[in-house]
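The values are calculated or read from the model by the stated rules, or taken from the named source; none is laboratory data. Owing to the predicted nature of the structure, the values given are computational and were not obtained by experimental measurement. Quick reminder, even Gly has a Cβ in these numbers, built from the backbone with ideal geometry, and neighbours come from all protein chains shown.
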C-alpha cells in the first residue's frame, strides 16, 4: 500500500464560549488537518493546531514542506518516514512548530498503516486494553462562578464522567474556596483534578498545595512554568498531592529531562509536541523505565489508543474541541473511553464539518 497523496485543510473551530485560564484567553482553535490517502483508497488522518489563524498558516506551510517525504512511500513504514522527517527538520530544531507539523503527518501515517493491517491502532501497536479511564476537561474554567462550576460538573456526571478537571489561578483564597465547594458538591467518589496552567511561583505552589491536600485531588497540574524543572521537583517533594506536568515540553528528550529532575509524579506527553505517535511511544516507554505513569494532553482520538498500549498509561484527557471533525464520537461509559474497534483510529471524518470550519 503506497501513500498516493497527502492533503492539508486549514480549519478554524469556534469554541462554545471563550476559554480562560491563568495563561490563555481562547476563542477559536485554528487547526491543520491532514488526510493521507493510500492508492487503495484508505485515508489516514492527523491534525495539529495553534491559537491564532496566522500561526496555523505557518503550521500548514511546514506540513506541506514535509509532504514529499511521505507521498509515494510505503504506508506500512511510519517509523522510517518519521526518522527521515525528524532529520530533515534538524536545522529548525526538534522543538517548536516543525515538530508540531510533523505530528499531524506521523499520526496520519500510523492511522493509515493500522487500516492497511485491518486492525484498530491500539491492537496494531500491540495493546490489549480495550478501554481507558478518562477525565472531563472541556469546562470548569477559571472565569466560571462557583454555581457555574457545580452546574457543569453535574452535566459531566450525567454524560458518564467520573473524573474532571478544574482550573486554578485566581487568588489563593478564591482557588481554595472553589476547590472546597466543588469537592463537597461532587463527593468522594468523583476524582477532581486541578490545573494551574503554570500560574504560580514555587512558594505559592507549596503553600497553597499544602492547603489543598485535605481535598484529595487526583493531581495538581503545572503549578510552575514548565521549564522550571528544579522548582517543580521541590514542589513535588514537598506535597502529598501528585504533581502532573510535561505537556509543554517537546519529544522524548523533554520527558527525559523531567524524569531525571524528578519534576513530577505523572508526566503528560502532548501528541503534537512529541511529533506524533512514534515519539509519543518512545516517551511513554522511557517514563515506564522510570516507573512513572503517563497521561495524555488533548488529541483524545489518537491518544486513547496510545495510552491503551502503554503499560503505564493512566488516564485520558477528554477534550471535545475537535469532536465535530469526526464522523463518530468516542464512546464514554462509566468514566472510561471504549476503544474503537474499527481499523486505524476508527472514527472517520465528518466531511460537512471540514467544509463548515474551513479557514
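Being in contact (Cβ under 8 Å) with a residue 24 or more places away in the chain, assigned to a strand (DSSP E or B) and surrounded by fewer than 19 Cβ atoms within 10 Å (Cβ to Cβ) is true of residue 5.
Taking residue 338 as the residue in question, decide whether it is touching a strand residue (DSSP E or B) at 6+ places or on another chain (Cβ under 6 Å), surrounded by fewer than 20 Cβ atoms within 10 Å (Cβ to Cβ) and within 19 Å of residue 114 (Cβ to Cβ).
Values: touching a strand residue (DSSP E or B) at 6+ places or on another chain (Cβ under 6 Å): yes; surrounded by fewer than 20 Cβ atoms within 10 Å (Cβ to Cβ): yes; within 19 Å of residue 114 (Cβ to Cβ): yes.
Judged against the criteria, residue 338 is a match.
Among the residues of region 251-271, those that are assigned to a loop (DSSP other than H, G, I, E, B) and either touching a strand residue (DSSP E or B) at 6+ places or on another chain (Cβ under 6 Å) or buried (at least 21 other Cβ atoms within 10 Å of the Cβ) (or both) comprise 263, 264, 265, 268, 269.
Scanning region 272-292 for residues that are surrounded by 21 or more Cβ atoms within 10 Å (Cβ to Cβ) and under 19 Å from residue 126 (Cα atoms) yields 276, 277, 278, 279, 280, 283, 284, 287.
Rundown of residues vs (1) more than 30 Å from residue 79 (Cα to Cα); (2) assigned by TED's automatic domain parsing to the domain that holds residue 312, yes/no style:
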site: 112; (1), (2): no, no
site: 134; (1), (2): no, yes
site: 139; (1), (2): yes, yes
site: 147; (1), (2): yes, yes
site: 152; (1), (2): yes, yes
site: 157; (1), (2): yes, yes
site: 180; (1), (2): yes, yes
site: 198; (1), (2): yes, yes
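For region 90-99, indicate whether the set of residues that are farther than 30 Å from residue 186 by Cα, crowded, with 22+ Cβ neighbours inside 10 Å and modelled with pLDDT of 95 or more is non-empty. For region 90-99, residues farther than 30 Å from residue 186 by Cα, crowded, with 22+ Cβ neighbours inside 10 Å and modelled with pLDDT of 95 or more: present.
If you go through region 235-250 and keep only what is in a helix (DSSP H, G or I) and surrounded by fewer than 17 Cβ atoms within 10 Å (Cβ to Cβ), you end up with 237, 238.
Quick one: count up the residues across region 311-359 that are touching a residue at least 60 places away in the same chain (Cβ under 8 Å) and either closer than 14 Å to residue 33 by Cα or within 19 Å of the chain's Cα centre (by Cα) (or both).
Total satisfying the criteria: 27.
Of the residues 43, 32, 63, the single one that is within 29 Å of residue 143 (Cβ to Cβ) and modelled with pLDDT of 95 or more is 32.
Residues in region 24-44 that are surrounded by 13 or more Cβ atoms within 10 Å (Cβ to Cβ), outside any strand (DSSP E or B) and over 17 Å from the mean Cα position of the chain (by Cα): 42 alone. Here residue 92 fulfils each of the conditions (1) farther than 28 Å from residue 249 by Cβ; (2) without any contact (Cβ under 8 Å) to a residue 40 or more places away in the chain apart from (1).
Restricting to region 120-163, and then to whatever is more than 24 Å from residue 314 (Cβ to Cβ) and touching a residue at least 60 places away in the same chain (Cβ under 8 Å), can you tell me which residue is surrounded by the fewest Cβ atoms within 10 Å (Cβ to Cβ)? Out of the qualifying residues, it is 143.
Within region 180-207, count every residue that is without any contact (Cβ under 8 Å) to a residue 40 or more places away in the chain and either within 13 Å of residue 168 (Cα to Cα) or not in a helix (DSSP H, G or I) (or both). Total satisfying the criteria: 11.
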